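> I am attaching a structure below and will ask some questions about it afterwards.
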Amino acid sequence: MADIAPVLKAVVPAAGLGTRFLPATKATPKEMLPIVDKPAIQYVVEEAVDAGLNDVLMVTGRSKRSIEDHFDRAYELEEALRAKGDDERLSAVRESSELAIMHYVRQGEPRGLGHAVHCARQHVGREPFAVLLGDDMIDARDQLLKRMIEVRGQYGGSVVALMEVAPDQVSAYGCAAIEATGEDDVVRISDLVEKPAPEEAPSNWIIIGRYVCDPAVFDVLEKTPPGRGGEIQLTDALRTLADAPADQGGGVYGVKFRGRRYDTGNKLEYLRTVVQFASERSDLAPEFIPWLREFVRQYDA
């Protein structure tokens, strides 16, 4: 088995154009759209930090400068809040700049998730690392990433997060062929298929936006040709690693996730996420939930 080095770094691809949210994303990165009063990307970084990964590389693109600004200090704003004695908002503003050690690299052209991950090679080096997609938010109470890092420490190789979906949904995701291990929530992955037709899917277990990758993935990505959609797919690289020897960084495992996941990649799911988060906020729920009930009642009448 390859050396089981600790996972200390996180990579967050955030270079997408956000076309599903136009015109809002013409000048505002999709990742900066708020979930109530905090941008979605901050929840993702918080998840990485909660799992012990305080070295975060953001893979960005043009028109994404506001992401960097969000995780930087805002001295003028802080001074204005301090002068007003607004300690609560001052703390909230400072929180994002103190979360992690942030690094940035640009993906020069949109060539797929695999290419975005490969852009992290110089920063990551020969260390294992986590990949967190900004469209997927995992409830902080469910600790998925911590479990994936534990599985990497136990089995080596790479680890992906899996969720079971209805057969008619598999064509929107990467799908895994799985083999049982001695643990109920851990499987070995023998094959991966990017967005298969339902009748060709090897299972109903799809890959969601959390990965823990062995550094061997970089060598594979460098040789991986464009796949579905003309893009370099991380799924294709992991498929190669699934058949590789353990001493070469091979082996891919899946953690079956049955917890709470929020998909902010399309408008409907984004709105659902905002409503769910608002409904669980102690400062908003007492007024928001009664209003929401009354609002919905109007459509039921």
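> Tell me, which residue of region 12-21 that is open to solvent by 60 Å² or more (accessible area, probe 1.4 Å) and in contact (Cβ under 8 Å) with a residue 60 or more places away in the chain is nearest to residue 115 (Cα to Cα)?
17
> Restricting the first residue to region 128-147 and requiring it to be assigned to a helix (DSSP H, G or I), which pairs with a second residue that is surrounded by fewer than 20 Cβ atoms within 10 Å (Cβ to Cβ) meet a Cβ separation below 7 Å and a spacing of at least six or different chains?
Filtered contacts from region 128-147: 144/259.
> Another question about this same structure. Restricting to region 46-90, name every residue that is within 29 Å of residue 149 (Cβ to Cβ), open to solvent by less than 70 Å² (accessible area, probe 1.4 Å) and of a type in the set (S, T, N, Q).
Selection gives 60 alone.
> Any chance you could count how many residues in region 205-231 are touching a Pro at 6+ places or on another chain (Cβ under 7 Å) and at pLDDT below 90?
Residues of region 205-231 that are touching a Pro at 6+ places or on another chain (Cβ under 7 Å), as a first pass: 212-215.
Still in the list and also at pLDDT below 90: none.
Here the count works out to 0.
> Of all residues in region 22-80, how many are assigned to a loop (DSSP other than H, G, I, E, B), touching a helix residue (DSSP H, G or I) at 6+ places or on another chain (Cβ under 6 Å) and either without any contact (Cβ under 8 Å) to a residue 12 or more places away in the chain or basic (Lys, Arg) (or both)?
1
> For region 243-253, state whether one or more residues are over 25 Å from residue 119 (Cβ atoms), small (Gly, Ala, Ser) and open to solvent by 60 Å² or more (accessible area, probe 1.4 Å).
no
> Here is a further query. Which one is nearest to residue 11 (Cα to Cα), of the residues in region 104-117 that are part of a strand (DSSP E or B) and open to solvent by 60 Å² or more (accessible area, probe 1.4 Å)? Before you say what the answer is, go through the steps one by one.
To start, the set of residues in region 104-117 that are part of a strand (DSSP E or B) comprises 104-106.
Subsequent filtering for residues that are open to solvent by 60 Å² or more (accessible area, probe 1.4 Å) retains 104, 106.
Details: 104: 10, 106: 12 Å.
Once the filter is applied, the top-ranked residue is 104.
The values are calculated or read from the model by the stated rules, or taken from the named source; none is laboratory data. Because the structure is predicted, anything quoted here is derived from the model rather than measured. Backbone-built Cβ (ideal geometry, glycine too); neighbour counts: all protein chains shown. Heads up: the accessible areas ignore ligands, DNA and RNA and are worked out on the full protein's heavy atoms, side chains in. Shrake-Rupley method; radii C 1.70, N 1.55, O 1.52, S 1.80 Å.
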